[in-house]
1. Tell me which residues, restricted to the range 297-328, are of a type in the set (Phe, Trp, Tyr) and farther than 17 Å from residue 254 by Cβ.
2. Suppose the filter is among the polar types (S, T, N, Q) and within 30 Å of residue 318 (Cα to Cα); does residue 270 pass it?
3. When residues of the range 340-372 are filtered for being among the aliphatic types (A, V, I, L, M) and assigned to a strand (DSSP E or B), how many remain?
4. Looking at the range 221-235, I want the residues that are within 12 Å of residue 199 (Cβ to Cβ) and have a partner that is modelled with pLDDT of 95 or more and of a type in the set (Phe, Trp, Tyr) with Cβ atoms under 9 Å, at least 6 apart or on another chain. Which pairs are those?
5. Among the residues of the range 205-240, how many are open to solvent by less than 60 Å² (accessible area, probe 1.4 Å), out of contact with any Ser or Thr (no Cβ under 6 Å at 6 or more places or on another chain) and among the charged types (D, E, K, R)?
6. Go through (1) within 21 Å of residue 204 (Cα to Cα); (2) of a type outside the set (Asp, Glu); (3) part of a strand (DSSP E or B) for residue 411 and report which single condition fails.
7. For a quick check of your reading of the model, give me the residue pairs whose first member lies in the range 359-388 and is under 30 Å from residue 258 (Cβ atoms) and aliphatic (A, V, I, L, M), whose second is part of a strand (DSSP E or B) and open to solvent by 40 Å² or more (accessible area, probe 1.4 Å), with beta-carbon atoms closer than 7 Å and at least 6 apart or on different chains.
8. From (1) in contact (Cβ under 8 Å) with a residue 60 or more places away in the chain; (2) within 27 Å of residue 57 (Cβ to Cβ), pick out the condition that doesn't hold for residue 176.
Amino acid sequence: MIKNAFLLSLFIFCFLTSNAQIPDSINPWEASNRVYRENIKSVQFYREGWEMSPPLLKLNTSEKLRLVFDDLDADGKEFLFTIVHCDYLWNPSGLEEYKYIDGYYEDYIYDLAYSQNTIVPYTHYELLFPTDDMKPLIAGNYILKVYYPDPDSVYFTRRFYVLDNKVKIEGNVKQPTIIENRKYKQEIDFTLTTSNYQILNPYSDLKVVIMQNGRWDNAITNLKPKMAINGKYDYNYDAENVMDGGNEFRALDIKSLEYNTESIASIEYQGYDGYSVTLRPAERKTFTVYKTEEDINGQFIIKTEDQFETATAAEYVNVHFFLPYPVPMLDGTIYILGGLTDWNFNEYSAMEYDYKRQGYSKTMLLKQGYYNYWYVMKYDKQAVGEVSFIEGNHWETENEYTIYVYNREHGGEYDKLVGVEQLNSMIK
């Protein structure tokens, strides 16, 4: 009887285990900008020679993308990478590798250097992509997946774009047409023009994505042409193409640890524990009057003014953020949003409520540089963060919009990126 019960229990355990969902920690990668290991820091991916640019390549050109990152394990791992083709909504397209990769299906990151006399040791890595051994064959969205020692051990992922330019995009950002939106939102109007490039059914084959400052959570992805006449496609809507203006970004300047910049309350050297930077308590801007301030639209730049060389001599610093708030939110969380958190709402960007200090706090380990960020409220049942809750909302805000145009050709297997254009709300 006992033996039979044991066998039955063993059978139930094996059945449940075989049908259980595999935990994310075993193979955690997803088609987004995301870091999966705490030892990976300061990931940047941009067009070679232009640190503030999006990672976009033109198909069949000599253009390169530069990937840089640090590994705080400082043990000189031989990282590998591969690329994965995706559709316009960043779902893996399912194409076989030979259809989108020219060369080997994985490659090594060879360029590494160890930090020099820093309190926090790290290994600095750089990669120029495409390499001689791996190139993208077709246009579209891609994921660069970095792993070690095998593809199931993913350390981080990065999105990038390959463009086969077929469509001309002209547009502008203006104060909204609808009266109730005029003080708080921005309207993105544009037209697409094709010359020798044929689009058989623009209402089903054309896909348009509008992104604001690199965010994905509030991207517009469901626009159809309002009108299509002789290769010209009109997207001049009044409501469908409107986004919150938000506010100018907050700035954190830790390029030097020798003096306090505007937002810093104190810088303390704590011996083997490194430097501790405490920011001044943040001001809530929900109802403040709009003020023009220069920013870099949520991005960050790695830079030290305390040494001659940045890549391997810049220090890592514990930065303490604090947002006063009288009571904790019961139906949502406050996040730090920007390039420093990959624009993600997750455990890395989430703040915790400090009952003793009556506010939200967060400590981040950041490399010396200049950072932009917002404090953003995200309700538990919503996918889009509410910038206006803490930062305010103004139609005058300077924002960078990028329009991506995709076409799935008749009988095609994938979404081809055929047009990209950047619009700035301050340029009329």
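1. If we filter the range 297-328 for residues that are of a type in the set (Phe, Trp, Tyr), which is where we start, we get 300, 308, 316, 321-322, 325.
Passing the criteria: 308, 325.
2. Details: among the polar types (S, T, N, Q): yes; within 30 Å of residue 318 (Cα to Cα): yes.
Yes, satisfied.
3. Here the count works out to 4.
4. Qualifying pairs under 9 Å: 225/233; 225/235.
5. Result for the range 205-240: 4.
6. So residue 411 meets the others, but not (3).
7. Filtered contacts from the range 359-388: 365/318.
8. Result: residue 176 passes all but (2).
The values are calculated or read from the model by the stated rules, or taken from the named source; none is laboratory data. Only a predicted model underlies this, so the values are computations on that prediction, with no experimental measurement involved. So basically every Cβ, Gly included, is an ideal-geometry build from the backbone, and we count neighbours across all protein chains shown. Just so you know, the surface numbers come from the protein's heavy atoms only, side chains and all, with ligands and any DNA or RNA stripped out. Shrake-Rupley method; radii C 1.70, N 1.55, O 1.52, S 1.80 Å.
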